[in-house]
Amino acid sequence: MNEHANPLCAALLAGAVLALGGAAAAETRILNVSYDPTREFYRDYNQLFATWWQEQGHEPVAIEQSHGGSGAQARAVIDGLGAQVVTLALASDIDAIAARSDDLSPDWQAALPHNSAPYTSTIVFLVRAGNPKGIRDWGDLTAKGVQVVTPNPKTSGGARWNFLAAWAWALRGNGGDEEAARSYMAELFAHVPVLDTGARGATTTFAQRGVGDVLLAWENEAFLALEELGPDRFDIVVPSVSILAEPPVALMPGNQGSEEQRAASQAYLEHLYSPAAQALAARHYYRAWDTSAAAAEDLARFPDLELVTIAEFGGWAEAQPRFFGDGGIFDQIYEE
Amino acid sequence: MSGSALASASAAITEPRPWRLLLTLSAVALAALLLLAPIAAVFAEALREGPLTALRSLGAPDAVSAILLTLGIALVAVPVNAAAGIAAAWAIAKFDFRGKAALVTLIDLPFSVSPVVAGLALVLLYGANGLFGGWLAAHELKIVFALPGILLATLFITFPFVARELIPVMVEQGRAEEEAALTLGASGWHMFRTVTLPNIRWALLYGVLLCNARAMGEFGAVAVVSGKIRGQTTTMPIMIEMLYNEYLSVAAFSMAALLAVLALVTLALKSLLEWRHAGLLAATRRH
């Protein structure tokens with residue numbers, strides 16, 4: 001047995017070393033540390049960018065992807081995951097990186113247009129086909145017997161947008177009465193059977209494991225679930241009020257090994273604003289700023305609705321500690 | 001006396017036939033339901049779109065690199081832990097020293113610590129803000145979110161498997177045979193090869209097989225330190241979760257089926273060894 005095993009082992013080991021070392025050596029690498037629902041968009045964008053970058057007369061670039069819950073990904077970057085660019089779900093996750101490392105300046109968000117958010121989205125409801133529980137707006141989520149699926153706001157960026165969208169609706173309906181908004185939120189979370197760590201996990205829980213009646217989801221994630229899992233199984237319900245979700249991007253200056261790498265990373269982020277990339281974002285169900293190159297049928301899918309912005313909450317710098325910090329409003333509500 | 005013992009023994013197995021049948025059937029049904037059904041479901045899902053689609057998904061570059069990474073990690077982790085296990089079992093069985101009980105407990109630590117804690121401990125030590133983080137960064141060394149971290153996590157989790165199998169066997173055998181060999185003029189290495197190794201080989205093989213199965217299958221600790229970079233730091237179990245989350249069910253379950261096949265091969269090897277060497281095993285293994 002030994003005579004046979006040895007060459008086989010050697011071959012496998014050599015193969016593993018080649019596979020691991022080969023990709024690292026050849027070309028400029030960019031590691032994009034992103035959040036869950038962007039997998040499909042960045043798969044396409046990475047190709048678009050790599051081709052475009054080479055057409056500009058540069059050395060080829062290899063882009064690596066890492067996906068997970070936005071908060072967890074920020075944590076990994078803080079702990080040393082060597083990202084050249086981060087593309088996370090909300091500004092406060094990148095703020096957290098800036099606060100805990102010297103690399104990133106606190107005003108990173110001014111580096112790129114539109115608060116460094118190349119695409120936006122909003123929060124909608126995904127319900128089971130035919131909408132059997134008759135869910136039309138935020139108020140219906142707390143009806144008797146309705147189960148709501150949303151991930152944990154502590155670890156998921158999408159969940160924080162969900163939370164603030166619901167809060168904005170409750171505040172409006174009650175003439176700005178915070179106590180009423182609090183009691184609505186407490187009731188809403190009493191209808192949540194399970195808190196996943198990330199948006200994709202919550203979608204899987206709802207769509208594939210069949211838990212719950214309504215999923216609070218990124219608009220792009222809801223459309224994607226329809227596309228991947230069958231339009232006949234779910235319906236999208238657009239509430240009367242939601243929030244303009246701005247997932248921002250940032251360059252990590254401390255993780256650029258060479259000038260070439262820095263230039264490629266910078267271009268990688270800037271090119272997200274090009275008409276071609278914006279059209280790609282629209283195709284992947286993100287709301288784009290520049291629709292000049294986007295297909296008309298892609299744009300027609302986005303319904304008009306009233307969108308509040310994070311500025312109404314005083315920006316993430318204020319909203320993050322107040323709502324989601326240790327002992328913040330979410331903690332107070334969830335403990336009840 | 002022996003007569004009455006025999007009578008009571010035969011009374012014990014002369015329960016009514018339907019009872020015996022029922023007990024046997026329920027044991028078989030339970031095993032099928034709890035163990036066989038999930039594995040069958042994995043294979044059914046993998047082959048849902050035909051064996052070609054399943055094989056093609058395993059041939060994708062990211063999948064190939066995950067498979068090679070997992071095999072590579074096991075190829076390093078298993079021999080290292082086999083050597084460490086032999087050394088630890090040797091020390092515990094053949095020598096007397098203070099703190100022996102503490103060493104035995106320490107070897108068991110990975111069994112009692114949750115894998116996620118093991119992973120986080122590595123981040124605490126080697127992460128950018130960890131104990132050695134500054135030094136590692138200054139020397140451009142990467143441990144967590146890179147291969148060394150994955151290897152360290154796997155080594156930690158699989159550390160006890162070989163030692164745990166060897167310790168009882170070696171304690172049982174004592175040191176008389178080795179002492180005799182030494183008295184007859186054998187060198188240390190010669191004694192180990194001709195006396196110790198033949199005595200422990202079945203326990204050693206058994207430990208190595210278990211260690212290998214766990215090294216390939218470990219998820220929790222590795223997930224914490226992997227960084228989940230596609231094609232770079234994704235092992236097979238992490239790739240399975242990733243593919244599933246990307247709605248690529250067939251690819252996810254094909255990978256899962258391959259991992260199950262690797263585990264089943266391990267299991268089959270183990271059974272084959274037990275079956276072929278039942279007598280020897282009974283003589284050397286007592287637990």
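The values are calculated or read from the model by the stated rules, or taken from the named source; none is laboratory data. What you see is a predicted model, and the numbers here were worked out from it, not measured in a lab. Backbone-built Cβ (ideal geometry, glycine too); neighbour counts: all protein chains shown. Note: accessible area is taken over every heavy atom of the protein model, side chains too, but ligands, DNA and RNA are not part of it. Shrake-Rupley method; radii C 1.70, N 1.55, O 1.52, S 1.80 Å.
Worth a mention:
- A viscosity of 1.567 mPa s and a temperature of 4 °C, combined with the Kirkwood radius over Cα pairs in Stokes-Einstein, give a translational diffusion coefficient for region A:144-279 of 75 µm²/s.
- Cα-centred dipole magnitude for region B:101-219, charges only on beta-carbon of K, R (+1) and D, E (-1), debye, nearest 20: 200
- Listed residues B:ILE238, A:THR120, B:LEU267: farthest to the positive end of the dipole of the protein assembly as shown (Cβ charges): B:LEU267
- Computed from the C-beta positions of B:LEU182 and B:ALA83 and an R0 of 22 Å, the FRET efficiency is 0.50 to the nearest 0.05.
- Rounded percent of accessible protein surface that carbon and sulfur make up, chain A, 1.4 Å probe: 52
- Here each label is just a point 7 Å from Cα along the line to Cβ, and for B:GLU140 and B:PHE111 those points are 4.4 nm apart.
- Using a 1.4 angstrom probe on protein heavy atoms only, the contact between A and B buries about 2400 square angstrom of accessible area, both sides summed.
- Taking all protein chains into account, the per residue accessible area for chain B stands at 53 Å² (1.4 Å probe).
- At least 24 Å along the helix axis (C-alpha) and Kyte average at least -0.5, DSSP helices within chain B: B:61-94, B:197-217, B:249-276
- Taking 0.36 nm per residue of sequence separation and removing the Cα-Cα distance, the A:LYS133/A:GLU297 pair yields an extension gain of 56.1 nm.
- Accessible carbon and sulfur surface of region B:162-234 relative to its total accessible area, %, 1.4 Å: 61
- Given charges at beta-carbon only (K, R positive; D, E negative), |dipole| of chain A in Debye: 600
- Contact residues in region B:243-263 by the 50 Å² criterion (accessible area, 1.4 Å probe, full protein complex versus chain alone): B:TYR244, B:ASN245, B:GLU246, B:TYR247.
- Semi-axes of the equivalent ellipsoid for region A:229-336, computed as √(5λ) from the eigenvalues of its C-alpha gyration tensor and ordered from largest down, come to 30, 27, 13 Å.
- Helices in chain B, meaning DSSP H runs of at least 4 residues, each add -39500 (n - 2.57). Divided by all residues, the mean residue ellipticity at 222 nm is -24500 deg cm²/dmol.
- Cα lying deepest toward the dipole's positive end in the protein assembly as shown, options A:ALA276, A:PHE302, A:ALA62, charges on Cβ: A:ALA62
- Among B:GLY174, B:GLY220, B:GLY119, residue whose mean-square fluctuation peaks in a GNM of chain B (springs only between Cα atoms under 10 Å): B:GLY174
- GNM top mover of B:THR266, B:THR194, B:THR154 - chain B, alpha-carbon springs below 10 Å: B:THR194
- Each residue, A:ASP326 and A:GLN47, gets one label point 7 Å from its Cα in the Cβ direction; the gap between the two is 4.6 nm.
- Convex hull volume per residue, computed on the Cα atoms of region B:51-93, equals 62 Å³.
- Kirkwood Rh in Å, taken over region B:136-287 so that all alpha-carbon pairs contribute: 18.4
- Value at 222 nm in deg cm²/dmol, rounded to 500, when DSSP H runs of n ≥ 4 in chain A each add -39,500 (n - 2.57): -13500 deg cm²/dmol
- The residue list A:VAL194, B:PHE253, B:TRP189 was ranked by how far each Cα lies along the charge dipole of the protein assembly as shown toward its positive end, using unit charges on Cβ atoms, and B:TRP189 comes out on top.
- With every protein chain in place, region B:1-155: carbon and sulfur % of accessible area (1.4 Å): 76
- Within chain A, the selection of entire DSSP H helices by a Cα span of 30 Å or greater along the long axis and an average Kyte-Doolittle value of at least 0.0 returns A:2-26.
- Here the protein assembly as shown is treated with +1 on each Lys and Arg Cβ and -1 on each Asp and Glu Cβ, and its dipole about the Cα centre works out to around 2760 debye.
- Calculated accessible area for chain A comes out at 40 Å² per residue, all protein chains present (probe 1.4 Å; ligands, DNA, RNA ignored).
- Within the straight-line cut-off of under 29 Å between alpha carbons, the lysines reachable from A:LYS154 are A:LYS133, A:LYS144, B:LYS142, B:LYS228, sequence neighbours fewer than 8 places apart in one chain being disregarded.
- Averaged over the residues of B:139-145, the number of partner chain Cβ atoms lying within 10 Å of the residue Cβ comes to 3.
- Selected from B:LEU122, B:LEU33, B:LEU52 as most flexible by GNM, with chain B as the system and alpha-carbon contacts under 10 Å: B:LEU33
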